[in-house]
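The values are calculated or read from the model by the stated rules, or taken from the named source; none is laboratory data. Just so you know, these numbers come straight off a predicted model, no measurement behind them. Positions of Cβ are generated from backbone atoms using ideal geometry, with glycine treated the same way; all protein chains shown enter the neighbour counts.
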Amino acid sequence: MTVYIWDLDGTLLDSYGVITAAAVKTAAEAGVNDPESTVYRAVKQGSVSGYLKDVSARTGEPFEQLLARYRTHTHETDDLITLIDGAAETLERLRNAGAVHFVYTHRGKSSRPVLSRLGILDCFREVVTSEYGLSPKPSGAGVRYLLEKYGLDSRETWYVGDRTIDVLCAKDAGVQALLFLQPGICVSATGREDRIISDLREL
């Protein structure tokens, strides 16, 4: 049985416009006016938390306050999030072929409502979010949680993501690393991927 554990933002969800805008707004409210392109690169190559920690270091505003405001801003615009091209058909085709799908994401309580609105929530056996309180990526804690809970075979389990930390997460958990690397995106392969695709329909 092939198992796919999916990242959400940038992998199944076309959401980086919303994420970047919310991070830019949060930083500006703290007095940091980084260009949108700089913020996008920071969150795509690293993480939102990493960028907000940098803003916190520059301004002295507590990271937790910045993160809370960021989440408020993203929730205000969650309805602008769409699916990555080919996501729904790929999930359904793989499921019909016998694959099982899970999600492991840094996204929080908005995950299930967004997936439900986009019509793909029922594709997943479980959606593991930041609400679980597991160590964040690049730790593989979220993937290991699913491996242990469902008795999954790590040799037949793929973690699919769009960033370096997703590859590192997969390797930390001992599963196969699949990097979704779209053309023109500011992410480079690490050399540790087991497979790289540029279109979800390649699966």
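Does residue 137 count as outside any strand (DSSP E or B) and over 23 Å from residue 87 (Cα atoms)? It would help to see each step written out before you state the result.
Numbers: outside any strand (DSSP E or B): yes; over 23 Å from residue 87 (Cα atoms): no.
So residue 137 fails the test.
Considering every residue within segment 163-183, establish whether at least one is of a type in the set (Lys, Arg) and in a helix (DSSP H, G or I).
yes
In the set 164, 74, which member is within 16 Å of the chain's Cα centre (by Cα), of a type outside the set (Gly, Ala, Ser), buried (at least 21 other Cβ atoms within 10 Å of the Cβ) and modelled with pLDDT under 95?
That would be 74, the only listed residue that is within 16 Å of the chain's Cα centre (by Cα), of a type outside the set (Gly, Ala, Ser), buried (at least 21 other Cβ atoms within 10 Å of the Cβ) and modelled with pLDDT under 95.
Among the listed residues 54, 14, 34, identify the single one that is closer than 27 Å to residue 123 by Cα and surrounded by fewer than 21 Cβ atoms within 10 Å (Cβ to Cβ).
Exactly one residue qualifies, and that residue is 14.
In this structure, is residue 125 outside any helix (DSSP H, G or I) and under 26 Å from residue 152 (Cα atoms)?
Details: outside any helix (DSSP H, G or I): yes; under 26 Å from residue 152 (Cα atoms): yes.
Yes: the conditions hold for residue 125.
Could you please find all residues in segment 167-197 being within 20 Å of residue 86 (Cα to Cα) and not aliphatic (A, V, I, L, M)?
Within segment 167-197, 180, 182, 183, 184, 195 qualify.
Within the set of pairs 6+ apart or on separate chains, which have a first residue in segment 34-48 that is among the basic types (Lys, Arg), a second that is not in a helix (DSSP H, G or I), and C-beta atoms under 6 Å apart?
Note: pairs meeting the criteria are 41/186; 44/186.
Filter segment 140-161 down to the residues that are charged (D, E, K, R) and either within 14 Å of the chain's Cα centre (by Cα) or assigned to a helix (DSSP H, G or I) (or both) and list them by number.
If the condition is that a residue be charged (D, E, K, R) and either within 14 Å of the chain's Cα centre (by Cα) or assigned to a helix (DSSP H, G or I) (or both), then 144, 148, 149, 155, 156 are the ones that fit.
To keep it simple, each residue is scored yes or no on (1) farther than 16 Å from residue 4 by Cα; (2) crowded, with 20+ Cβ neighbours inside 10 Å; (3) at pLDDT 95 or above.
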{"residue": "99", "(1), (2), (3)": "no, no, yes"}
{"residue": "136", "(1), (2), (3)": "yes, no, no"}
{"residue": "140", "(1), (2), (3)": "no, yes, yes"}
{"residue": "152", "(1), (2), (3)": "no, no, yes"}
{"residue": "160", "(1), (2), (3)": "no, yes, yes"}
